[in-house]
1. Would you grab the residues whose amide H sits under 5 Å from the one on A:GLY164? Only those 5+ places off in sequence or on another chain, please, with H modelled 1.01 Å from N.
2. Within chain B, report the trypsin sites (Lys or Arg not before Pro) that DSSP leaves as loop and that have at most 14 other Cβ atoms within 10 Å.
3. If each of A:ALA21 and A:ALA53 carries a label point 7 Å out from its Cα toward its Cβ, how far apart are those two points in nm?
4. Across the stretch A:22-31, in residue order, what do the Karplus-derived ³J(HN,Hα) couplings come to in whole Hz, using 6.51 cos²θ - 1.76 cosθ + 1.60 with θ = phi - 60° and x for Gly and Pro?
5. For chain B, set up a GNM with springs between Cα atoms under 10 Å and report which of B:LEU68, B:LEU17, B:LEU59 has the largest fluctuation.
6. Out of B:ILE24, B:ALA74, B:CYS9, whose Cα points farthest toward the positive end of the dipole of chain B (charges: +1 Lys, Arg; -1 Asp, Glu; placed on Cβ)?
7. Gap in Å between the Cα centre of the stretch B:9-48 and the Cα centre of the stretch A:143-157?
8. Which ³J(HN,Hα) values in Hz, rounded to whole numbers, follow from the phi angles of the stretch A:69-80 under the Karplus curve 6.51 cos²θ - 1.76 cosθ + 1.60, where θ = phi - 60° and Gly and Pro get x?
Amino acid sequence: MEHGAFQSSLQRSRSGCDPPAPTTEDRSFFALRIGELADRLYGVALRFTRNGAAAEDLVSEAVVKAWAHLPQLEDRACFEKWIFRILANTFFSQCRHEREELLDADEDEDGFSLFDRLHQPFLLWWGNPEQELIHKLLCEDLDRALGELPDCYRAVVVSVDLLGHSYTEVAAMLGVPVGTVRSRLNRARSRLQRALWQQALAAGLVQGKSAEDNTHD
Amino acid sequence: MTEQERMHCDEVVASLLEYLDGEIDDARRALIDDHLAECRGCFSRAEFERALRDRMRSLASAPPPDSLRRRLKAIIDEF
């Protein structure tokens with residue numbers, strides 16, 4: 001279901017034109033799909049919130065909302081995308097009182113590129129340092145780099161890179177222009193790659209090319 | 001394809017992340033596809049960004065604690 005359709009279904013519910021109550025079949029379907037998606041619901045909630053207890057609260061709230069609106073989901077094949085949109089919307093709503101943190105973004109990120117740091121064209125046929133680094137990165141390295149992002153950047157990276165939402169969908173959920181999502185995503189990815197580079201330097205996975213690299217802690 | 005239509009490396013690099021996100025129109029996508037088929041440097045860059053994104057996507061899954069599984073079961077049992 002597209003974001004607009006979700007909004008209109010909410011409006012239908014608020015207007016008193018309630019859909020039919022869920023059936024036993026609905027309950028079985030819902031329980032099965034939640035069981036299948038529990039790992040991903042919790043994983044995404046954990047990346048959004050950075051806190052296990054908050055992630056559990058977020059998943060629980062999203063599941064309750066999803067059940068309440070299940071009769072409005074016309075195409076059950078869309079359940080997965082639909083419930084992850086509910087999860088993201090719930091997180092953004094929870095953050096509304098901290099909206100400044102979600103909307104605020106600095107402007108000084110300079111387009112850091114891991115590829116530019118690692119790529120060595122003359123090694124092309126017998127070595128590939130950039131792909132080697134990707135294979136050496138642990139999930140905890142990626143998680144730490146993602147966790148270091150400010151909330152406003154992490155929200156768009158999780159929404160686009162982990163959930164596969166379009167820029168338009170994220171803009172609608174955050175209530176910002178598409179251009180803001182685009183620029184924030186670019187800065188977020190730059191920061192993420194810079195954090196991974198610094199971690200790789202600290203772990204001795206790569207060697208810095210510049211004095212600045214080698215003095216980073 | 002004329003030289004004017006052909007994309008240069010700096011243009012491809014500038015649009016690469018949006019290309020990988022599926023956020024560009026078909027005509028521009030086709031131009032980048034053509035460039036990546038011919039330019040080894042940009043192709044390597046695209047492969048790197050794609051592989052990094054695939055690794056990031058692995059973060060979208062984490063085993064839920066038993067407390068959450070119990071909580072979800074209790075919620076669904078009440079429906």
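Values quoted throughout were computed directly from the atomic coordinates according to the rules given, and no laboratory measurement underlies them. On a predicted model such as this, the values are computed, not experimentally measured, just so you know. Heads up, the Cβs are rebuilt from the backbone with ideal geometry, glycines too, and the neighbour counts pull from every protein chain shown.
1. Residues meeting the amide H criterion: none.
2. Numbers: sites: B:ARG6, B:ARG28, B:ARG29, B:ARG40, B:ARG45, B:ARG50, B:ARG53, B:ARG55, B:ARG57, B:ARG69, B:ARG70, B:ARG71, B:LYS73; in loops: B:ARG6.
Qualifying residues, ordered by number: B:ARG6.
3. 3.6
4. Taking θ as phi minus 60°, the curve returns x, 9, 4, 4, 4, 4, 5, 4, 5, 4 Hz for the stretch A:22-31.
5. Answer for the Gaussian network model of chain B: B:LEU68.
6. B:ALA74
7. One Cα centre to the other: 25 Å.
8. 9, 4, x, 8, 7, 6, 10, 4, 5, 8, 4, 4
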